[in-house]
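Read through the structure below, which is laid out as structure tokens, and then see the notes.
The values are calculated or read from the model by the stated rules, or taken from the named source; none is laboratory data. Note that the structure is a prediction, hence the values are computed from the model and not measured. Here the Cβ positions follow ideal geometry from the backbone for every residue, glycine too, while neighbour counts run over all protein chains shown. Ligands, DNA and RNA are excluded from the accessible area calculation, which covers all protein heavy atoms including side chains. Shrake-Rupley method; radii C 1.70, N 1.55, O 1.52, S 1.80 Å.
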Amino acid sequence: MSSAPISSGRRPVIAVTACIKLVEGSPSHAAGMKYVEAAADGAGGMPLIVPALGAGIDIDQVLDLVDGVLVTGSTSNVAPEIYGGPAPRPGNKGDPARDATTLPLIRTAIERDLPLLAICRGHQELNVALGGSLHQHVHEVPGMMDHRDDASLPWEERFGHAHPVMPEAGGLLARIQGGVTPFLVNSLHHQAIDRLAPGLRVEARAEDGLVEAISIPGRRFVLGVQWHPEALWRIDPAHDAILKAFGQAARERAARAEAAA
């Protein structure tokens, strides 16, 4: 794997997006431990959890404080009315406060050329934020595999390797991985990219052709992945390389900001 070591200097501050979840019966702003640890230990950053306050948050003020953005996964789904999709089926959980926070956060981070890593729901949000659409039930699309996890397994076991993805030649992910050799990812989603947003580049596909990773050419570092590297980076160099590359981009951005101050 081609992953440059993270250089010395202050730890980059990495925004980590939160969801609205019930904690001991109380609605709470929450970010999973694996994402926070991935930002801190995998990317070498200082995590800053961003609450899902929607219009109540000053996104520019938040982004003034950080050197990179990690958009987390979630069990909730992007509201389909945002991308012109049909109404969700009963049981498809939404999180409108998160939608109202992350979509403008993503767009503003890209405008500022901040390093951005978007995971699972975040990968889907990246596509929607820029004008793309989603399959709400990808396993029902002719020719597509069932990308859902096995609900009969214990929670931790669901994050194990599930299927290979193939990086696209000449892309950001291929550079991170050191080539176009397929590697294994986990798979815990029933939604996925349908129409790719303008300006996005496909970085990897699954065996059925599903878009599994995306980027924005010409930006410092923007990568969306449909899988969960935060669950595999400690045991799999392919996923460790993704977090290290994101962390390196954030550290370089922090160094430039310090030099300009």
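Within segment 168-210, being in a strand (DSSP E or B), among the aliphatic types (A, V, I, L, M) and more than 20 Å from residue 146 (Cβ to Cβ) holds for one residue alone: 202. Here residue 36 passes the criteria (1) closer than 30 Å to residue 235 by Cα; (2) in contact (Cβ under 8 Å) with a residue 24 or more places away in the chain except the one numbered (2).
Residues of segment 171-199 that are free of Cβ contacts under 8 Å to residues at least 40 places away in the same chain and under 16 Å from residue 224 (Cα atoms): 174 alone. Across segment 204-226, a minimum of one residue is classified as over 23 Å from residue 16 (Cα atoms), without any contact (Cβ under 8 Å) to a residue 40 or more places away in the chain and open to solvent by less than 10 Å² (accessible area, probe 1.4 Å). A residue that is hydrophobic (A, V, I, L, M, F, W, C), touching a residue at least 24 places away in the same chain (Cβ under 8 Å), open to solvent by less than 10 Å² (accessible area, probe 1.4 Å) and within 24 Å of residue 27 (Cα to Cα) cannot be found anywhere in segment 126-138. When 102, 108 are checked against the criterion of being farther than 17 Å from residue 203 by Cα, open to solvent by less than 10 Å² (accessible area, probe 1.4 Å) and either free of Cβ contacts under 8 Å to residues at least 12 places away in the same chain or not aliphatic (A, V, I, L, M) (or both), 102 stands alone in meeting it. Against the numbered list (1) surrounded by fewer than 22 Cβ atoms within 10 Å (Cβ to Cβ); (2) of a type outside the set (D, E, K, R); (3) over 18 Å from residue 78 (Cβ atoms), residue 177 comes up short only at (1). Checking each residue in segment 60-74 for being buried (at least 16 other Cβ atoms within 10 Å of the Cβ) and either among the acidic types (Asp, Glu) or within 17 Å of residue 118 (Cα to Cα) (or both) picks out 63, 66, 67, 68, 69, 70, 71, 72, 73, 74.
Residues are listed down the side, and each one gets a yes or a no for (1) part of a loop (DSSP other than H, G, I, E, B); (2) under 19 Å from the mean Cα position of the chain (by Cα); (3) at pLDDT below 95:
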{"position": "20", "(1), (2), (3)": "no, yes, no"}
{"position": "28", "(1), (2), (3)": "no, no, no"}
{"position": "34", "(1), (2), (3)": "no, yes, no"}
{"position": "37", "(1), (2), (3)": "no, yes, no"}
{"position": "40", "(1), (2), (3)": "no, yes, no"}
{"position": "44", "(1), (2), (3)": "yes, yes, no"}
{"position": "47", "(1), (2), (3)": "no, yes, no"}
{"position": "52", "(1), (2), (3)": "yes, yes, no"}
{"position": "60", "(1), (2), (3)": "no, no, no"}
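Being under 24 Å from residue 41 (Cβ atoms), modelled with pLDDT under 95 and of a type in the set (Lys, Arg): is that true of residue 175 here? No. The number of residues in segment 8-39 that are aliphatic (A, V, I, L, M) and either in contact with a Phe, Trp or Tyr (Cβ under 7 Å, 6 or more places away or on another chain) or farther than 20 Å from residue 123 by Cα (or both) comes to 5.
When you look at residue 13, is it at pLDDT 95 or above and touching a Leu at 6+ places or on another chain (Cβ under 6 Å), yes or no? Here the answer is yes, as residue 13 does meet what is asked.
Has segment 153-167 got at least one residue that is in a loop (DSSP other than H, G, I, E, B) and under 28 Å from residue 84 (Cα atoms)? No, the conditions are met nowhere in segment 153-167.
The set of residues in segment 232-247 being open to solvent by less than 30 Å² (accessible area, probe 1.4 Å) and in a helix (DSSP H, G or I) consists of 238, 239, 241, 242, 243, 245, 246, 247. Residues in segment 112-152 that are among the charged types (D, E, K, R), under 17 Å from the mean Cα position of the chain (by Cα) and not in a loop (DSSP other than H, G, I, E, B): 121, 125.
Taken over segment 75-98, the criterion of being surrounded by fewer than 24 Cβ atoms within 10 Å (Cβ to Cβ), in contact (Cβ under 8 Å) with a residue 40 or more places away in the chain and assigned to a helix (DSSP H, G or I) is satisfied by 80, 82, 96, 97.
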